[in-house]
Each structure stands twice: as structure tokens, then as C-alpha cells.
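Student: Please find one structure pasted underneath; my questions will follow.
Read the figures in this text as sums done on the coordinates, not as results from a lab. The shown structure was predicted, so the numbers you read here are calculated from the model rather than taken from an experiment. Neighbour counts are summed over all protein chains in view; Cβ atoms, including those assigned to glycine, are modelled from backbone coordinates with ideal geometry.
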Amino acid sequence: WVSEWLAARAERAEHKAEKQVAKQAPNQTDDKAPDPGAQAKRAAAREQKVAAGLRELDLWLRDLVRNGLAAAQTQPPSFWERSAARMVDAQAAGIARLIRELPGVIASGANSGGSWQSRLLERLAKLHLLCEGYQRLASLPPETQADIRSVIGWTVNQETLLQQDGVRDLWFIAGQRVEEEDRLRVQRTWLFGQHSGRAALVLQFAAPRQTFEHALPVGALLDAELVFYPGAYPLRALLKGPHHAVELPGAGFPLKVESPAAARAAYAAALSRQPWLEVFPLALACVTPCLRADRWFVLDDEQRVWPLAPRFPAGWELLAVSGGHPVNLVAEWDGEFLWPLAVVGERFVRLGS
């Protein structure tokens, strides 16, 4: 989403530069009206740049795997940055971000003693799948096309999106997380529909001293209409029209939790439709927080281990809230690590706030 914001900013800057050039043209009569011909040329030029960039990326990936993953561990930062910079030049900012994350995958695995090789290979495979998908873009379903273009860095016009019909529901605001990325505050808010049964992600951006546009208090029930971004497994959504908080039921919180087995199956189903999915919301039932050898994890009723993210700062808070007993947990899952957001039961406790 940060790369999407940066791409939109670059697009606006390019359009502004074209308008300035148009003002200087002697035959230009209306510099405010967009030129469809110029827009089509820009779009075609970007398609060509992206296609060329992805061909280079595919060669880079093949060379990387051919030389062996052990060699990747010894590469300097400049090795990864050169490839990321090439993707920026190719107007594929989303891929540039994914490449810049690869050294962190190696470092986190090496520091924790985990199998960084399998995680790195998985990331490289997804990049390869992206290259293959873009080459066959015209033959893919529209939803998959939208996913591929979104991962690469194309933006969706929000004004056009808001003209579509949305999903009206009572949405329980179950979790929220704010991160700093590229001098920008990014807020992820997870909502669960009471009647639709759908999960939704509302993203908001703000500069360091700015406030977010919509106030979305965690633990509240929201009467709102959401319009989902196109995709094979739509999660991200926009708030459409007026919305207001609704009084919560008298007992407990309106959130349906799933068994860990059902949650794993739901994640697998989502990943089969959208293989580039980065985070997925889970509402886990009856998991117990544990600490072993300075590593936090939760244990489910099948004695399966769900490791918490190494950077998760509220492990002791989670343990204190649970009292060492099983709890219902709202969390983000990236396929490898869990990031708990809240404990839900007869009372609601937001973690790490």
C-alpha cells in the first residue's frame, strides 16, 4: 500500500508536468481538459516499461537460484538495491518493495536459527509467478488480473470505485495496527461483518503529525457500507457514505471465532485464490500464550504451535491478560508469524496499544 501511494504520487507529478508542457504549446486551448490520446500513450508506455522490467526480473531470479541460495546470503545490500531500483525505473514500485524485503528474510531466519532458505525460496517463487502471470495477463480472469496489477504497483481510482455498489452491514472493528513506512503512517483496521460473514481491511495513510481521515475505534460496532477493491479474494475496502457506531449487544462481543483448524483451512483457501496475499485476519478460538527460550508463541487445542512475530512487543501483556489460560485471539497471520491484535471474550482487550 505504501508503494501504491508512492506510485499515485508519481503519476500525479507526471500529469502535472505534462500540463505545464501543454501550457507552453501555442495551439493548446484548454490545458485543464485531460487528453485521452496522451493518457493512452502514457498507459501503453508504462505497460512496455513493466514488461521489460519483468523480463529482467525473471532472468535475475533464474541467476539467483542457479547460483544457489547459500550465495544469496553473502550478497551485499547493493545487490538487492540495484534490482529494486531497476523495478522503480520500470514503474513497478510494488515489486521493488518485495525485493527490498528479501535481505530481511535472510537476516531474520539466520538470527532466529530458522530455515531462512525455505522462506526465501517461497518469496522468489512468488516473484517468478508474478512474472509468468503478467506474460499471460490477457488470458487470466479479471479478478486475477487486478491482483497482479495491484502487486506490481498499479493504483485503483477510488472515486470510480466508490461509484460501485458496496456491502452494507454491521461491522465489528476487531483489530488495528499502525506502522511507520517511508515517512508515512499506515493504519490497518480489520472489520468483520455480522451478516455477510466477510472480513474487510480499511487502510488509511497520514503524515507523521496528521490524523487519519476516519475514526475507527477498536471494539466498536459500525453501521457502514464498504466497497471492496477488485481481486480474486477481496479484503481491502473503502468506506462509502455516512457511517455511525452502533450500541454493542449486552453480553460479549459480536465476533465469530474459528477453531485453529478452520482458520488454517480458510487461509489456505484464500492463498489458493490470491497467492500474493501478505496478511490475513484470523479470529482464533482457545489458544494459549507460551514463552520458550525467549520466543513467544500460542498453542492451539491440537497442540500446534503458532509462532508470534519476533518484533511483537506485547507478549507479556498477552500472557497477563490470559492468565495462562486459553483465550480467543484476533490476529494478523502472514503464513509464518502471528501478530496478535486483541483478546476477545466477555471483555475486549486491545494489545500493544
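Student: Go through 93-102, 118-127 and give me the packing order, highest mean Cβ count within 10 Å leading.
Tutor: The most tightly packed comes first, giving 93-102, 118-127.
Student: Please give the length that would be gained between VAL178 and THR288 if that part of the chain were fully extended, namely 0.36 nm times their separation in residues minus their C-alpha to C-alpha distance (nm, one decimal). Mind showing how you got there, number by number?
Tutor: Details: separation 110, 0.36 × 110 = 39.60 nm, distance 2.51 nm.
Stretched out fully, the VAL178 to THR288 stretch lengthens by 37.1 nm.
Student: Let me ask something additional. Separation between the LEU140 and LEU319 pseudo-spin-labels, each 7 Å from Cα along Cα→Cβ, expressed in nm?
Tutor: So the label points at LEU140 and LEU319 sit 4.4 nm apart.
Student: Hey, quick one: spin label on GLU56, modelled 7 Å out along Cα-Cβ, who in the range 113-142 has an amide N within reach, i.e. under 16 Å?
Tutor: 131
Student: Another question about this same structure. Hey, can you rank 325-335, 180-190 by average C-beta count inside 10 Å, highest first? Walk me through the numbers on the way to the answer.
Tutor: Numbers: 325-335: 19.6, 180-190: 16.3.
Packing order, densest peptide first, comes out as 325-335, 180-190.
Student: Translational D (Stokes-Einstein, µm²/s) of the chain at 10 °C and 1.306 mPa s when Rh comes from the Kirkwood sum over C-alpha pairs?
Tutor: Estimated diffusion coefficient is 71 µm²/s.
Student: Name the trypsin sites (Lys or Arg not before Pro) in the range 273-319 that are in a loop by DSSP and that have at most 13 other C-beta atoms within 10 Å, would you?
Tutor: Here the trypsin sites (Lys or Arg not before Pro) that fit, given the DSSP loop and packing criteria, are ARG304, ARG311.
Student: A follow-up question, please. Which one, GLY153, PHE192, GLY175, projects farthest toward the positive side of the charge dipole computed for the range 143-196 from Cβ point charges (K/R +1, D/E -1)?
Tutor: GLY175
Student: Here's a follow-up. For the peptides 317-323, 283-289, what is the packing order when you average, over each peptide's residues, the other Cβ atoms within 10 Å and list the highest mean first?
Tutor: Listed from highest to lowest mean packing, they are 283-289, 317-323.
Student: Counting only helical runs of four or more DSSP H residues, what would the 222 nm mean residue ellipticity of the chain come to if each run contributes -39,500 (n - 2.57) and the total is spread over all its residues?
Tutor: On the way: 11 runs with 150 residues, N = 353.
Result for the chain: -13500 deg cm²/dmol, rounded to the nearest 500.
Student: Pairwise over distinct Cα atoms, reciprocal of the mean inverse distance: report the Kirkwood radius of the range 126-189 in Å, one decimal place.
Tutor: One decimal place: 15.0 Å for the Kirkwood radius.
Student: Which whole-number percent is the relative contact order of the chain (Cα, under 8 Å, 6+ apart)?
Tutor: It comes to 11 percent, rounded to a whole number.
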